[in-house]
1. From the residues Leu160, Ser255, Phe51, which one has its Cα farthest along the dipole of the chain in the positive direction, the dipole being from +1 and -1 charges on Cβ of Lys/Arg and Asp/Glu about the Cα centre?
2. Residue farthest toward the positive end of the dipole of the chain, with Cβ of Lys/Arg at +1 and Asp/Glu at -1: which of Phe136, Thr286, Leu103?
3. Binning at 10 Å from 0, report for the chain what percent of all alpha-carbon pair distances ends up in each bin.
4. Loop-only trypsin sites (Lys or Arg not before Pro) in the stretch 198-243, please: DSSP not H, G, I, E or B, and at most 13 other Cβ atoms within 10 Å.
5. Show which aspartates and glutamates lie in cross-link reach of Lys211 when reach means a straight Cα distance below 18 angstrom and same-chain residues fewer than eight apart are skipped.
6. Take Asp129 and Phe291, extend 7 Å from each Cα along the Cα→Cβ direction, and tell me the distance between the two endpoints in nm.
7. Size of the dipole of the stretch 165-285 about the Cα centre, Lys and Arg at +1 and Asp and Glu at -1 on the beta carbon, nothing else charged, in debye to 20?
8. Check which residues have an amide H placed less than 5 Å from Gly107's amide H, if you skip close sequence neighbours.
Amino acid sequence: MVLCALRQQVLRCSSHCRTWARLLQRQRSSCVYSSIHGFNQDEIREKLQAFHGGSIDLLKQDSGIAVLTINNPSRMNAFSGSMMIDLEERVSQLENWPEGKGLIVQGAAETFCSGSDLNAVRAISNQQDGMKMCMFMQNALTRLLRLPLISVALVEGRALGGGAELTTACDFRLMEAGSVIQFVHKHMGLVPGWGGAARLVHLVGSQNALKLLGGAVKVDPELGVNIGLVDGVLEGHQKTEGAAPLLQQAENWLSRYTKGPAPVIQAVKKVVLSGRELPLSEALRTEKDIFGMVWGAPANLEALASKSKHK
Ligand SMILES: CC[C@H](C(=O)O)C(=O)SCCNC(=O)CCNC(=O)[C@H](O)C(C)(C)COP(=O)(O)OP(=O)(O)OC[C@H]1O[C@@H](n2cnc3c(N)ncnc32)[C@H](O)[C@@H]1OP(=O)(O)O
């Protein structure tokens with residue numbers, strides 16, 4: 001009897017390991033571009049490294065909520081080339097964080113991000129380099145969105161151009177009263193290239209996306225909520241007396257979704273992600289695999305033993 005239970009346990013573990021391996025494989029292949037698309041990661045990294053300044057800082061907290069800070073205040077948190085590389089490295093660290101549940105993406109010094117660093121943009125304004133940078137950032141932001149963490153962009157001040165695109169690579173967006181998200185690409189003679197247009201269409205529908213991109217519309221919190229781009233409005237703590245610091249407000253907002261054991265929260269994100277991105281049959285098979293990882297696992301057994309009622 002004991003041997004039988006042990007055998008079942010071993011079988012379950014090895015089946016879990018196989019499922020994990022398959023899911024991890026899928027996660028690794030979550031890049032959009034690889035060498036088969038003529039994309040050479042090392043080559044573009046070397047090029048980007050030449051445009052330094054600023055940093056992307058990661059703080060992993062015991063609560064399971066990490067904070068990713070875009071930090072280049074003298075340029076309104078514009079992305080230098082080295083920050084693009086930093087971003088990709090921080091995403092790798094988050095992909096390998098078993099205790100992780102949530103992520104807040106914020107800008108330093110009371111503004112979100114003013115897009116690409118225009119000095120770098122001017123230096124690589126030829127078509128080939130622009131395409132390489134675009135592929136690099138699409139890979140990094142796609143992996144950010146596919147993290148098994150529930151993510152929130154905390155928009156304070158301005159999110160412009162690539163900064164607006166970055167907000168769409170999070171699961172949710174919170175805006176401080178008075179802040180603005182603006183896809184300024186048209187004014188720059190461009191369209192989004194970091195995947196922001198595709199994600200925007202998913203978020204707000206093609207009609208609204210066309211209006212926001214075609215008109216380079218300044219999205220304030222009210223408009224953002226109305227069109228479904230924005231999930232919550234936070235009180236500006238400097239303007240509203242007694243309001244909690246913005247990051248605290250964002251952590252409180254997120255905590256309702258990250259309460260519980262990390263494997264369960266990560267599983268929730270993974271089933272939603274597969275439903276969002278995969279064709280139905282594949283999404284259903286992935287859901288089955290993920291279900292198999294939480295069924296009979298410690299959190300499930302504990303809940304069953306506690307005879308909980310959902311009143
Ligand atoms: C379009 C897509 C593309 C992509 O990669 O996909 C991009 O993202 S291109 C970048 C799009 N963003 C911009 O064009 C922003 C341009 N800047 C502004 O509109 C303003 O600077 C603003 C509104 C962000 C802030 O205005 P404010 O009056 O409050 O401050 P300053 O203008 O004095 O800015 C302070 C300081 O920051 C420098 N700055 C701001 N944004 C960038 C940037 N994207 N790249 C490089 N530097 C930037 C600005 O030049 C000032 O520096 P200073 O040395 O004092 O002149």
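1. After comparing all options, I get Ser255.
2. Of the candidates, Thr286 comes out farthest on the positive side.
3. For the chain, the binned pair fractions read 6, 25, 33, 23, 10, 4, 1, 0 percent.
4. Passing sites in the stretch 198-243 are Lys239.
5. In chain and number order, the partners are Glu165, Asp220, Glu222.
6. Here the modelled spin labels are 5.2 nm apart.
7. On the way: 12 positive and 11 negative charges, 75 e Å.
The calculation lands at about 360 debye.
8. For Gly107, the qualifying residues are Ile70, Glu156.
Bear in mind that the values in this text are calculations on the coordinates, not laboratory data. Not measured: the values here are computed from a predicted model. All Cβ positions, glycine included, derive from the backbone under ideal geometry; neighbour counts span all protein chains shown.
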